[in-house]
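Report on the following structure.
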């Protein structure tokens, strides 16, 4: 499966903000965006005024990198969102939020989406009682995501369970710490998605 394997901290510096790609490191003094808040490269920050296209591109890249989605996958999500009823930009963010790896991350069973993705790939979670190891799996209203019984004894899962118990889940999800279970109450609304992205810019980019 294709995935980005380059340095994550450079992505944060390129977007000029924390994308929280490195989990606990992002909250420590070692965070690259705190230590060197300039774009990567030998020439430093550009003095040119950014074009409208450049602004739209940055919004798309920011969203893509935050959710850990490759270019082709992101374009596929946009096409799907465009075919759905409602506002295309909001549909796009809803599809990204409903990824299984993001759901795991949102309740705190992963300190980053990258870690949550790895845990899903390693088969630590079930959806409605069936093992699912596809990070892009789309959850639906009424789904129940749970840690597999065989994984509950894992030292890392135990650490994350403590982290999740102190974590606040979004309103469209509920987390049961004793059972290590996530309930998908409904689909996320735009006001419940705190991703700092101007989705309309992404729509305008793809509409060119």
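Among all residues of the stretch 146-158, there is none that is under 27 Å from residue 70 (Cβ atoms), part of a loop (DSSP other than H, G, I, E, B) and touching a residue at least 12 places away in the same chain (Cβ under 8 Å). When residue 169 is tested against the conditions (1) modelled with pLDDT of 95 or more; (2) touching a helix residue (DSSP H, G or I) at 6+ places or on another chain (Cβ under 8 Å), the lone failure is (1).
Would you confirm whether any residue within the stretch 47-60 is crowded, with 20+ Cβ neighbours inside 10 Å, modelled with pLDDT of 90 or more and under 18 Å from the mean Cα position of the chain (by Cα)?
Residues of the stretch 47-60 crowded, with 20+ Cβ neighbours inside 10 Å: 56, 59-60.
Pick out the ones that are also modelled with pLDDT of 90 or more and you get 56, 59-60.
Checking the rest, the ones that are also under 18 Å from the mean Cα position of the chain (by Cα) come to 59-60.
So far as the stretch 47-60 goes, yes, one or more of its residues are crowded, with 20+ Cβ neighbours inside 10 Å, modelled with pLDDT of 90 or more and under 18 Å from the mean Cα position of the chain (by Cα).
What about residue 109, is it in a loop (DSSP other than H, G, I, E, B) and in contact with a helix residue (DSSP H, G or I) (Cβ under 6 Å, 6 or more places away or on another chain)? Don't jump to the end; show me each part of the working.
On the way: in a loop (DSSP other than H, G, I, E, B): yes; in contact with a helix residue (DSSP H, G or I) (Cβ under 6 Å, 6 or more places away or on another chain): yes.
In short, yes.
Answer with yes or no whether residue 115 is surrounded by fewer than 22 Cβ atoms within 10 Å (Cβ to Cβ) and within 16 Å of residue 164 (Cα to Cα). So residue 115 passes the test. Residues that are in contact with a strand residue (DSSP E or B) (Cβ under 6 Å, 6 or more places away or on another chain) and free of Cβ contacts under 8 Å to residues at least 24 places away in the same chain occur at least once in the stretch 161-181. Given the criteria closer than 26 Å to residue 200 by Cα, in contact with a strand residue (DSSP E or B) (Cβ under 6 Å, 6 or more places away or on another chain) and at pLDDT 90 or above, does residue 83 qualify? Considered against the rule, which asks whether it is closer than 26 Å to residue 200 by Cα, in contact with a strand residue (DSSP E or B) (Cβ under 6 Å, 6 or more places away or on another chain) and at pLDDT 90 or above, residue 83 comes out as no.
The values are calculated or read from the model by the stated rules, or taken from the named source; none is laboratory data. Please read all numbers here as calculations on a predicted model, not as lab measurements. Because the Cβ atoms are built from the backbone with ideal geometry, glycine has one as well, and the counts that use them run over all protein chains shown.
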